[in-house]
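Written below as structure tokens is the structure these notes are about.
Laboratory data are not the source of any read-out in this text; all were calculated from the coordinates shown. Here the structure is a predicted model, which is why all the values come from computation and not from measurement. Cβ sites come from the backbone with ideal geometry, for glycine too, and all protein chains shown count toward neighbours.
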Amino acid sequence: MFIITGFILGLITSLHCVGMCGPLALAVPRTGAGKLNLFVEGFLFNFGRVITYSIMGLILGGVGLAVTLAGYQEIISILIGSSILVIYLFALIFKKKLFQLNSSGKLYSKLQTLFRKYFQKRTKGALLLLGILNGLLPCGAVYIALAQSIIAGGMAESSLFMASFGLGTMPLLLSIFISRNIIPVSFRKKLTKLIPVAIVLVGALLIMRGMSLGIPYISPVLQHSEQHSKTECCH
């Protein structure tokens, strides 16, 4: 169930990826000609991000397992969802940009150096590595997914959640990679205007998930809540 949730989250936040990662996808060098080759290149580049996200999820999975065992899944989900909405309202009131890439940081500088290195290598292996590096770029949408992966239940579950999130972002970014100039810049800018809607929706879904309302895929009964209900019935 959490895999489907991750995929849906990826689809929603890919609107943000259009504005942030879209230009990078358009700049990635091609290694050959032909539609099939173009699809393979786009898939490799985007799958690199999925690999990075999966590893991140695996690392955070240990935290998620502790949260699950402690029975704080619902509270954490509600807190994360509420925090997203509060941050968005703060940005809206003070007219600050959300998810803005910090190009002055040391991490970004090092990644930029590596990007230049692999941009010069016109091989499919280099495209995969570029995708892996792309997944390391500071990104608010990825942070939201990582925060939600904490309540997935364990290391494997968290990793799968992040993998499904990455796969959810692929359709839109892959289409941009393949189409290049077929999708006008003006249309991509219109898509980015939907980001606020996506942010509010993700925050609301996290809050609903934490409430364990028993709604499939949207607000399922979390494992701890279900066990707690059974325990109460026994008394």
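Below are the figures for this structure:
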{"read-out": "Net length gained if the chain between Phe90 and Ser179 were fully extended (0.36 nm per residue, minus Cα distance)", "value": "28.4 nm"}
{"read-out": "Calculated FRET value between Ile55 and Ala204, using beta carbons and R₀ = 22 Å, to 0.05", "value": "0.15"}
{"read-out": "Residue-wise HN-Hα coupling along the stretch 76-90, computed from phi with Karplus coefficients 6.51, -1.76, 1.60 (Hz; x: Gly, Pro)", "value": "4, 4, 5, 5, 5, x, 5, 5, 4, 5, 5, 4, 5, 5, 4"}
{"read-out": "Phi-based couplings in Hz for the stretch 53-66 (Karplus 6.51, -1.76, 1.60; Gly and Pro marked x)", "value": "4, 5, 5, 4, x, 4, 5, 6, x, x, 5, x, 5, 5"}
{"read-out": "Karplus (6.51, -1.76, 1.60) ³J(HN,Hα), θ = phi - 60°, over the stretch 136-151, in Hz, Gly and Pro reported as x", "value": "8, 5, x, 8, x, 5, 5, 4, 4, 5, 5, 4, 6, 5, 4, 9"}
